[in-house]
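Engineer: Would you mind keeping the following structure in view while I ask a few things?
The values are calculated or read from the model by the stated rules, or taken from the named source; none is laboratory data. Because the structure is predicted, anything quoted here is derived from the model rather than measured. When we count neighbours, we look across all protein chains shown, and the Cβ atoms used for this are built from the backbone with ideal geometry, even at glycine. The area values use the complete protein model at the heavy-atom level, side chains included, leaving out ligands, DNA and RNA. Shrake-Rupley method; radii C 1.70, N 1.55, O 1.52, S 1.80 Å.
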Amino acid sequence: MKFDLKSHTKYLVVHGSRAYGMQQSTSDVDVKGFAIPPLEYYLSPFKNSAENGKAGFQQVDTQSTIEKAFFDVLTEEEKAVSRAEKVEGVVYDFRKFVRLCAKMNPTMVECLFVRDEEVRVTSPVAEALREIAPAFLSTKAKWTYSGYAADQLGRIERHRRWLFKPPTEQPKREDFDLPPGPFMNKSE
């Protein structure tokens, strides 16, 4: 990514435990939003070429990049927490953000319904999306939200099993139906 993320970000919200008012003293600061990259990221015939520095843009989620770009838009309390804990999150390409909302991705759709107090960066396009946010809601929510809940429950159950009965030996490749050794060497 070779453009200034902050100046191209059109929407950024605090989400997670802080958006629900359920944060604890050790809770980190989570942000999500979208950016509209420079035009050449959309139009360049070489946009997927690493040589020209325009390798396309789908999202940025590295903690250091997010923290560097958005630390100054946080509230004083969030800045204090992020000094002790961290700021993490994702800034998506606008098109990907809208696609995820249209697919009823739970964490994307919730970004459109946050209270105004959680909005850290906004723009006319973001406000237009928030105005039509109810149009993203559909009966598909039943499946995406229940699937998300089932996945989370599965993770909790697996973690609980591991806590009460941790592995006693190093896992072997055969335990996962893999061949005894890699079929390619490291240089390949």
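Engineer: Tally up the residues in segment 170-188 that are among the hydroxyl-bearing types (Ser, Thr, Tyr) and under 32 Å from the mean Cα position of the chain (by Cα), please. Before you say what the answer is, go through the steps one by one.
Structural biologist: Step one: filter segment 170-188 for residues among the hydroxyl-bearing types (Ser, Thr, Tyr), giving 187.
Checking which are under 32 Å from the mean Cα position of the chain (by Cα) leaves us with none.
Of the residues in that region, 0 qualify.
Engineer: Among Ser187, Ser138, which is open to solvent by 90 Å² or more (accessible area, probe 1.4 Å), assigned to a loop (DSSP other than H, G, I, E, B), at negative phi and at pLDDT below 90? Walk me through how you get there before you give the answer.
Structural biologist: Values: Ser138 fails: open to solvent by 90 Å² or more (accessible area, probe 1.4 Å).
Criteria check complete, one pass: Ser187.
Engineer: Still on this structure, I have one more. Considering each of Val87, Val119, Val73, Val125 in turn, give the residue that is of a type outside the set (D, E, K, R) and crowded, with 19+ Cβ neighbours inside 10 Å. Before you say what the answer is, go through the steps one by one.
Structural biologist: Working: Val119 fails: crowded, with 19+ Cβ neighbours inside 10 Å; Val73 fails: crowded, with 19+ Cβ neighbours inside 10 Å; Val125 fails: crowded, with 19+ Cβ neighbours inside 10 Å.
Of the residues listed, the single one that is of a type outside the set (D, E, K, R) and crowded, with 19+ Cβ neighbours inside 10 Å is Val87.
Engineer: Sort through Gly147, Gly181, Gly154 and tell me the only one that's exposed (fewer than 10 other Cβ atoms within 10 Å of the Cβ) and among the small types (Gly, Ala, Ser). So that I can check it myself, show each step before the final result.
Structural biologist: Working: Gly147 fails: exposed (fewer than 10 other Cβ atoms within 10 Å of the Cβ); Gly154 fails: exposed (fewer than 10 other Cβ atoms within 10 Å of the Cβ).
After ruling out the rest, the residue left standing is Gly181.
Engineer: Still on this structure, please answer the following. Please determine, by comparing only the residues of segment 97-109 that are touching a residue at least 60 places away in the same chain (Cβ under 8 Å) and crowded, with 17+ Cβ neighbours inside 10 Å, which one is nearest to Ser17 (Cα to Cα).
Structural biologist: Met108
Engineer: Examine segment 74-81 for a residue that is among the β-branched types (Val, Ile, Thr) and modelled with pLDDT of 90 or more, and state whether such a residue exists. If you could, list the steps in order and put the result at the bottom.
Structural biologist: Within segment 74-81, the subset among the β-branched types (Val, Ile, Thr) is 75, 81.
Those left that are additionally modelled with pLDDT of 90 or more: none.
No, that holds for no residue.
Engineer: Answer yes if at least one residue in segment 143-160 is closer than 24 Å to Tyr42 by Cβ and either of a type in the set (Phe, Trp, Tyr) or outside any loop (DSSP other than H, G, I, E, B) (or both), and no otherwise. Reasoning before the result, please.
Structural biologist: Here is the first cut: in segment 143-160, the residues closer than 24 Å to Tyr42 by Cβ are none.
The answer is no, given that none of the residues of segment 143-160 is closer than 24 Å to Tyr42 by Cβ and either of a type in the set (Phe, Trp, Tyr) or outside any loop (DSSP other than H, G, I, E, B) (or both).
Engineer: Now for a different question. Please determine, by comparing only the residues of segment 28-66 that are assigned to a loop (DSSP other than H, G, I, E, B), touching an Asp or Glu at 6+ places or on another chain (Cβ under 7 Å) and over 12 Å from Gly89 (Cβ atoms), which one is modelled with the lowest pLDDT. Walk me through it before giving the result.
Structural biologist: Here is the first cut: in segment 28-66, the ones assigned to a loop (DSSP other than H, G, I, E, B) are 28, 36-39, 44-48, 53, 55-58, 61-62.
After this cut, where a residue has to be touching an Asp or Glu at 6+ places or on another chain (Cβ under 7 Å) as well, the list is 28, 37, 57-58.
This time we only want the ones that are over 12 Å from Gly89 (Cβ atoms), so: 37, 57-58.
On the way: Pro37: 89, Phe57: 81, Gln58: 85.
Ranking the qualifying residues of segment 28-66, first place goes to Phe57.
Engineer: Of all residues being among the aliphatic types (A, V, I, L, M) and touching a residue at least 12 places away in the same chain (Cβ under 8 Å) in segment 120-164, which is farthest from Val98 (Cα to Cα)? Just the residue, please. Reasoning before the result, please.
Structural biologist: Filtering segment 120-164 for residues among the aliphatic types (A, V, I, L, M) gives 121, 125-126, 128-129, 132-133, 135, 137, 141, 149-150, 153, 156, 163.
After this cut, where a residue has to be touching a residue at least 12 places away in the same chain (Cβ under 8 Å) as well, the list is 121, 125-126, 129, 133, 137, 141.
On the way: Val121: 17, Val125: 12, Ala126: 11, Leu129: 9, Ala133: 10, Leu137: 13, Ala141: 15 Å.
In this case the residue turns out to be Val121.
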